[in-house]
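Visitor: Dumping the structure here so I can ask a few things about it.
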Amino acid sequence: MSRILGACVFAGVLSLSAPALPRIDESQAAEGVHGALAKRCPSEMTLVGQTCVDRYEASLVEVLEDGTEVPFSPYEIPKRHRVRAVSRAGVVPQAYTSMYEAQRACGASGKRLCHGREWKAACRGPDNTRYPYGPSRVKGACVDTHRVSPIMKLFGGGHFGSQMNDPRLNQLEGTVAPTGTATACTNHYGVHDMVGNLHEWTDDGIFRGGYYLDTEINGEGCDYVTAAHIPAYHDYSTGFRCCADADSLPIEEEEPPPSSSDKSQSTPPDARLAARDAVETQDDHAPPTWDLGASTTRALAPRPRRSRRRR
């Protein structure tokens with residue numbers, strides 16, 4: 001009886017000390033939270049319900065007349081440029097963008113601007129929390145803490161249109177950060193920077209998530225919305241990311257793993273012939289050896305010849 005009680009107490013201690021695993025939405029479990037198993041989205045996007053969502057805030061490439069693409073400056077207004085949106089880690093995301101320009105850039109990549117409900121679902125994650133990483137704000141988890149106000153630094157607080165779109169603003173240190181810099185600002189869907197860094201336009205004429213100086217005034221975290229501007233508005237804080245319907249975009253083909261029939265070809269034929277010739281020409285007094293593993297080597301000696309007796 002004492003053994004049974006002891007085992008129960010031990011099991012109880014284990015259950016109390018073990019950290020709780022994050023809850024995964026059952027509707028996503030069959031396909032993989034990141035969409036990796038489902039293969040319904042390109043690698044730069046992740047599956048959220050029936051929608052593919054860019055993992056990172058959009059940056060732009062400019063398409064030249066000959067069809068080649070070059071990076072577009074994230075500090076310039078993309079209007080009157082032929083650009084398309086890309087989702088990449090470690091690059092400065094595109095600001096100075098209106099909702100119309102964001103729609104055009106997403107469309108050039110076969111995508112679209114996210115609907116508000118899609119954006120919010122991706123931001124809140126499978127656990128449906130106010131911030132991507134949890135229910136309450138954690139200072140420094142996203143790009144929204146101890147940042148520099150470029151308007152104050154350059155203009156002393158001016159708010160004229162030309163000043164709000166000055167290309168120098170986001171080039172000051174302590175302003176916008178490259179995508180994915182805040183490694184904690186994500187969730188189990190694998191989306192990054194949906195709170196802070198840049199405001200993100202959605203197709204309802206609202207920008208969401210706040211930016212590097214504010215993620216609380218117009219709502220907290222994923223609930224942050226700014227609806228005070230017309231869709232043609234843009235400034236140093238306005239960015240976006242793209243969405244697409246699941247199964248609507250080409251999926252990268254992965255190389256299949258080598259089959260068992262290919263294993264015999266893992267060594268080039270010339271190398272195998274050379275090895276065979278080397279074995280055949282070994283001295284009879286130095287029996288060949290074969291490596292049978294990291295810890296086992298067996299020497300196979302030639303059979304001794306039987307001497308014949310004379311009768």
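Read-outs: derived from the displayed coordinates by stated rules, not from any lab. Source: prediction; values computed, not measured. Note that each Cβ is placed from the backbone with ideal geometry, even for glycine, and that neighbours are counted across all protein chains shown.
Visitor: Quick one: would you say VAL225 is under 17 Å from TYR56 (Cβ atoms) and touching a strand residue (DSSP E or B) at 6+ places or on another chain (Cβ under 8 Å)? Walk me through it before giving the result.
Guide: Numbers: under 17 Å from TYR56 (Cβ atoms): no; touching a strand residue (DSSP E or B) at 6+ places or on another chain (Cβ under 8 Å): yes.
Here the answer is no, as VAL225 does not meet what is asked.
Visitor: I would also like to ask the following. Only residues that are part of a loop (DSSP other than H, G, I, E, B) and either within 18 Å of GLN94 (Cα to Cα) or in contact with a Lys or Arg (Cβ under 8 Å, 6 or more places away or on another chain) (or both): list them for the range 123-132, please.
Guide: Selection gives PRO126, ASP127, ARG130, PRO132.
Visitor: Taking the range 34-90, which residues are part of a loop (DSSP other than H, G, I, E, B), among the hydrophobic types (A, V, I, L, M, F, W, C) and under 30 Å from PRO126 (Cα atoms)?
Guide: Within the range 34-90, ALA36, LEU37, ALA38, CYS41, ALA89 meet the criteria.
Visitor: Report yes if some residue within the range 208-220 is surrounded by 24 or more Cβ atoms within 10 Å (Cβ to Cβ), in a strand (DSSP E or B), on the phi < 0 side of the Ramachandran plot and not β-branched (Val, Ile, Thr); otherwise report no.
Guide: Taking every residue of the range 208-220 in turn, at least one turns out to be surrounded by 24 or more Cβ atoms within 10 Å (Cβ to Cβ), in a strand (DSSP E or B), on the phi < 0 side of the Ramachandran plot and not β-branched (Val, Ile, Thr).
Visitor: Are any of the residues in the range 106-122 in a loop (DSSP other than H, G, I, E, B), buried (at least 18 other Cβ atoms within 10 Å of the Cβ) and among the hydroxyl-bearing types (Ser, Thr, Tyr)?
Guide: Yes, the range 106-122 contains at least one residue that is in a loop (DSSP other than H, G, I, E, B), buried (at least 18 other Cβ atoms within 10 Å of the Cβ) and among the hydroxyl-bearing types (Ser, Thr, Tyr).
Visitor: Can you pull out every residue in the range 133-181 that is assigned to a helix (DSSP H, G or I) and under 25 Å from the mean Cα position of the chain (by Cα)?
Guide: ASN170, GLN171
Visitor: In the range 48-64, what residues are under 22 Å from GLY196 (Cα atoms), in contact (Cβ under 8 Å) with a residue 60 or more places away in the chain and either touching a Lys or Arg at 6+ places or on another chain (Cβ under 7 Å) or of a type outside the set (Lys, Arg) (or both)?
Guide: Matches in the range 48-64: VAL48, CYS52, VAL53, ASP54, TYR56, GLU57, ALA58, SER59.
Visitor: Still on this model: Tell me which residues, restricted to the range 70-105, are surrounded by 21 or more Cβ atoms within 10 Å (Cβ to Cβ), in contact with a strand residue (DSSP E or B) (Cβ under 6 Å, 6 or more places away or on another chain) and polar (S, T, N, Q).
Guide: Across the range 70-105, the qualifying residues are SER87, GLN94, THR97.
Visitor: Against the condition surrounded by 20 or more Cβ atoms within 10 Å (Cβ to Cβ) and touching a strand residue (DSSP E or B) at 6+ places or on another chain (Cβ under 8 Å), how does THR175 come out, does it pass?
Guide: No: the conditions fail for THR175.
Visitor: Among all residue pairs at least 6 apart or on different chains, which show Cβ distances below 6 Å where the first residue, located in the range 123-143, is within 18 Å of ARG55 (Cβ to Cβ) and the second is among the charged types (D, E, K, R) and assigned to a helix (DSSP H, G or I)?
Guide: Short answer, once both residue conditions are applied: none.
Visitor: Only one of (1) in a loop (DSSP other than H, G, I, E, B); (2) out of contact with any Gly (no Cβ under 9 Å at 6 or more places or on another chain) is not met by GLN94, so which one is it?
Guide: Among (1) in a loop (DSSP other than H, G, I, E, B); (2) out of contact with any Gly (no Cβ under 9 Å at 6 or more places or on another chain), GLN94 violates only (2).
Visitor: Does TYR233 qualify as being farther than 17 Å from MET99 by Cα and aromatic (Phe, Trp, Tyr)?
Guide: Working: farther than 17 Å from MET99 by Cα: no; aromatic (Phe, Trp, Tyr): yes.
No, not satisfied.
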